[in-house]
Amino acid sequence: MTTRTIGVNLGVALGGRRWLWLVGGLAGLWLFARHLTNPWDIVMSATQQNPVTFVVIPLYLFLQPADLLNPWQSLTALRLGSTRVWWWTHVAAAGLLAGLLAGGLAAAAGIVALASGRWSWRWGRFGHLSEYPAVLAREPWSVPWHYGLIALGFLFGGLWAVGVLRLALTLWWQGPWMAWLAVVTLGLLTVALSNTVLQGVVWWLPGAQFSFYYHWTPVGSRTVSWTLGYTPLLATVAAAAGLWMADQPPWHAPQGEAP
């Protein structure tokens, strides 16, 4: 039942014509990539600060099923037999959706490269003309596909963390769209603050730091290990807060009542 519930969540995320939003978002990332055709150039461009905060995070949160007051959510919690189990299925589904989006970006980059006849295991013109070429000379991401895996891994972890945060805020506000706006605004705030005297605040907010490339910009004042610690901590705190709220009215479902 738990596995089926996770599958239902993903079905809601991409069912009907909602998958067109995913396709449209990936196309939008390609526009950020300036019509690049080298697969690694596409991944590097699409995982920079602005594409992550302006396209990827809002799109992911838009696709995420977070209408937790919907009647079918009540039925699901009752059939699972525990509101806590119901909460953890949403957390798991958020992770799978994050993986699908990161994987979709990787697949789209490969499809564009193959369709254009520009597939390569080396950097293309964007990688060679990058504003920070010294980054690409470092191990282990001097090899393009190593860099791609790390950048997509950062993106996957960041999306999962903001997805759990959005779910917890949905419980708090008892509605999905205020939570969506709050998390998206935090991400956009990181862009607004990145070149100001308050740029240190960026590293405490979910957004730009989920771009691996951002760590090597002039304002990248934190190491990669900072984000590797921050991301699971954010997800854990948000999950714990959501778990506590799931046992509170109106989410708790005693004696067959709606959560």
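The values are calculated or read from the model by the stated rules, or taken from the named source; none is laboratory data. None of the values given here were measured: they were computed from a predicted structure. Please note: Cβ atoms are built from the backbone with ideal geometry, for glycine as well, and neighbour counts cover all protein chains shown. Accessible surface is based on the protein model in full, side chains and every heavy atom, while ligands, DNA and RNA are left aside. Shrake-Rupley method; radii C 1.70, N 1.55, O 1.52, S 1.80 Å.
General observations
- Comparing mean-square fluctuations of SER82, SER225, SER116 from a GNM of the chain with C-alpha springs under 10 Å, the top value falls on SER225.
- Of VAL202, VAL43, VAL237, the one that fluctuates the most in a GNM where the chain has Cα springs shorter than 10 Å: VAL237
- Shape summary of the chain, radius of gyration then Dmax from alpha carbon positions: 19.2, 64 Å.
- TRP160 sits with roughly 90 Å² accessible to a 1.4 Å probe, with DNA, RNA and ligands left out of the calculation.
- Separation of segment 32-68 and segment 90-132, taken as the distance between their Cα centroids, equals 10 angstrom.
- Calculated from the alpha-carbon coordinates, segment 74-133 shows an Rg and a Dmax of 20.3, 56 Å respectively.
- Unit Cα scatterers, Debye sum, segment 13-92: log10 I(q)/I(0) for q = 0.15, 0.20 Å⁻¹: -0.67, -0.88
- GNM remark for the chain: springs join alpha carbons under 10 Å apart, and the peak mean-square fluctuation among PRO206, PRO249, PRO144 falls on PRO249.
- Probe 1.4 Å - accessible area at PHE62, Å² to nearest ten: 60 Å²
- Computed about the Cα centre, the dipole magnitude for segment 20-246 is approximately 140 debye when only Lys and Arg (+1) and Asp and Glu (-1) carry charge, each at its Cβ.
- Label-point gap, in nm, between LEU188 and LEU114 - each point 7 angstrom along Cα→Cβ: 3.7 nm
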